[in-house]
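Quick notes on the structure that follows.
The values are calculated or read from the model by the stated rules, or taken from the named source; none is laboratory data. Everything numeric in this text was worked out from a predicted model, so none of it was measured. Every residue, glycine as well, gets a Cβ built from its backbone with ideal geometry; the counts of neighbours run over all protein chains shown. Accessible surface is based on the protein model in full, side chains and every heavy atom, while ligands, DNA and RNA are left aside. Shrake-Rupley method; radii C 1.70, N 1.55, O 1.52, S 1.80 Å.
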Amino acid sequence: MERAGVNLANSLCKSNQEVTFISFFKQEHFFKLNNGIQLIEPKGFNTNSLSILKSIYWIRKQIQELKPDSIIVFNKLYGAITCLSLVGTGYKIYLSERSSPIYQWPKIQNLIINLIFTFIKPYGVISQTNIAKEYQKKYFGNRVKIEVVPNALREIDVFPETEKKNIILAVGRFNDPLKGFDMLLEAFSMVQNHDWKLHFAGGEKNEDPILEKIIREKNLEDRIQFLGKVKEMDLIYASASIFVIPSRSEGFPNVLIEAMAFGLPCISFDFIAGPKDIITHEEDGILVENGNIESLANRINRLIENDKERLRLANNAKKIRYKYSSEMISNKLLTFLENE
């Protein structure tokens, strides 16, 4: 969510919009905002946990001082709190829902969200995928306008002279079963060519006991490398030869559009939601039946064995740079905001 928020803010800033980024939490910054963007963070609260009452008062105060034309809030819980904070002010609040449509909120958060949105609706909703749009229609009803606006691709350095290596790359946070890295390890254990290595960017092996266990049981220690939390991913993408996203579900798979933009042949489970919106099967990537580990392994093996197929998919995948460019996405969003 931080990545998507920063990318969108930067895209709007490049489109000559005046942008202020309000963070619900005061924490370490992992992604970088453009110099022209004002950053506002809470002081003395919302460091380790969310204080709803303090947030309500604080958000109302900040918005009344800023007097923005539009407010885009990432995340359904934060959207609900913001709607409650600004009751009676008349500001246009757009909810940008980030979670997978099948994500289940914890009971207390779910109760708060449903209670607030029963009485107070956002002005509009921004969905990341077509399937998410259908879910939001059912939740908010026909009176709330909903538009599909995917995440913008961040600026990338492609490093065209970088030598491709026999590396299969996976990216994402660890200790999260929705990322499906356990299934990727199972599939990788079936890869026949042991000259190929699997690299994980996003954490260390000891952060996820389940992954450690599978690696030991499958004797994969010498074939896997953990890169930790990587801030500068571009060279990592540039040196890999295959990208796999084995998630069980996502809100929107940012790493998939990044990998395709780098010209990586990509294989993805056909999970909810996102891959079908991004990949045209067999043209610019490969979609595999969700959760079918054997099929995933077969597809990896076939790409390893076929240099020409990897090159064909890679060349087609690069076209995504235009489809998800910051200019295209920010223009689509601004059109939606201006037409409301």
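Being over 26 Å from T162 (Cα atoms), in a loop (DSSP other than H, G, I, E, B) and either in contact (Cβ under 8 Å) with a residue 60 or more places away in the chain or more than 18 Å from the chain's Cα centre (by Cα) (or both) is a property that does not hold for G263. Could you grab me the full set of residues in region 1-38 that are open to solvent by less than 70 Å² (accessible area, probe 1.4 Å), in contact with a strand residue (DSSP E or B) (Cβ under 6 Å, 6 or more places away or on another chain) and outside any loop (DSSP other than H, G, I, E, B)? Matches in region 1-38: G5, A9, T20, F21, I22.
If you check E294, E232, E282 for being among the acidic types (D, E), within 20 Å of the chain's Cα centre (by Cα) and under 30 Å from Y103 (Cα atoms), only one passes: E232. Looking only at region 189-211, residues that are within 20 Å of V230 (Cα to Cα) and outside any loop (DSSP other than H, G, I, E, B) come to 10 in all. Within region 154-168, the residues that satisfy the criterion of being open to solvent by less than 100 Å² (accessible area, probe 1.4 Å) and either without any contact (Cβ under 8 Å) to a residue 12 or more places away in the chain or more than 28 Å from N34 (Cβ to Cβ) (or both) are K164, N166, I167, I168.
Screening region 293-325 for residues that are in a helix (DSSP H, G or I) and among the hydroxyl-bearing types (S, T, Y) and picking the one that is most open to solvent (accessible area, probe 1.4 Å) gives Y322. Counting only residues that are more than 22 Å from T118 (Cβ to Cβ) and assigned to a helix (DSSP H, G or I), region 62-91 holds 5 of them. The set of residues in region 212-260 being free of Cβ contacts under 8 Å to residues at least 60 places away in the same chain, open to solvent by 10 Å² or more (accessible area, probe 1.4 Å) and not basic (K, R) consists of E212, I214, E217, N219, E221, D222, I224, Q225, F226, L227, V230, E232.
Please verify whether region 326-337 includes one or more residues that are surrounded by 16 or more Cβ atoms within 10 Å (Cβ to Cβ) and of a type in the set (F, W, Y). There is at least one residue in region 326-337 that is surrounded by 16 or more Cβ atoms within 10 Å (Cβ to Cβ) and of a type in the set (F, W, Y).
Of all the residues in region 110-149, those that are open to solvent by 20 Å² or more (accessible area, probe 1.4 Å) and in a loop (DSSP other than H, G, I, E, B) number 6.
Scan region 171-182 and give yes if some residue there is open to solvent by 10 Å² or more (accessible area, probe 1.4 Å) and more than 21 Å from V230 (Cα to Cα), otherwise no. Taking every residue of region 171-182 in turn, none turns out to be open to solvent by 10 Å² or more (accessible area, probe 1.4 Å) and more than 21 Å from V230 (Cα to Cα). The set of residues in region 76-114 being touching a residue at least 24 places away in the same chain (Cβ under 8 Å) and among the aliphatic types (A, V, I, L, M) consists of L77, A80, I81, L84, L86, V87, I93, L95, I102, I112, I113. Within region 302-322, being under 25 Å from the mean Cα position of the chain (by Cα), of a type in the set (K, R) and farther than 13 Å from T280 by Cα holds for R310, R321.
Does I59 count as outside any loop (DSSP other than H, G, I, E, B), at pLDDT 95 or above, under 22 Å from the mean Cα position of the chain (by Cα) and not aromatic (F, W, Y)? Judged against the criteria, I59 is not a match.
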